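Please read the structure below before turning to the comments.
Rule-based calculations on the coordinates, nothing more; no lab input. Owing to the predicted nature of the structure, the values given are computational and were not obtained by experimental measurement. Cβ atoms come from the backbone with ideal geometry, glycine included; neighbour counts cover every protein chain shown.
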């Protein structure tokens with residue numbers, strides 16, 4: 001049991017270190033005044049709308065990870081408030097990915113759209129699926145499992161259909 005705890009703590013420390021390095025790189029890129037930098041997405045990343053979406057996305061991801069870690073512990077495993085925050089954060093992450101796709105395609109690029117080539121938002125699909133599998137819909141285990149499979153299929157097919165509907169109008173195929 002002690003070995004598993006040490007491995008978990010080491011993995012958590014490494015992930016925390018990588019996250020801190022990533023945050024530093026992100027904020028350096030964001031606030032670096034040198035516009036001739038080798039980042040072709042500098043103007044996109046410095047767009048006010050994209051900055052707001054990025055901060056909201058970062059905040060919801062932090063809430064999601066904190067709730068995930070709390071729900072993994074025995075003390076908070078069945079806490080309804082944490083579970084609700086976890087589910088709402090997952091839904092917000094899924095929504096924000098689609099909203100960034102919409103905002104970037106509609107308001108930022110305008111008619112140019114030279115940095116598109118955006119593919120299906122897999123993270124949004126994963127987060128919606130996670131919400132489906134986290135909830136219980138029936139007292140019977142077989143009915144619950146069948147309903148989860150059906151809802152997973154419907155939601156993911158629906159998201160793919162939605163993406164297919166906006167693929168041409170938002171010129172997502174251009175790169």
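For the peptides 93-101, 47-55, the ranking by mean Cβ contacts within 10 Å, running from highest to lowest, is 93-101, 47-55. Extending 7 Å from the Cα toward the beta-carbon at both residue 140 and residue 56 defines two label points whose distance is 4.1 nm.
Put a dot 7 Å past the Cα of residue 13, heading toward its Cβ, do the same for residue 157, and the two dots end up 4.9 nm apart. The label point for residue 95 and the one for residue 73, both projected 7 Å from the Cα toward the Cβ, are 2.8 nm apart. Among 78-88, 132-142, the peptide with the highest mean count of other Cβ atoms within 10 Å heads the list, and the full ranking is 78-88, 132-142.
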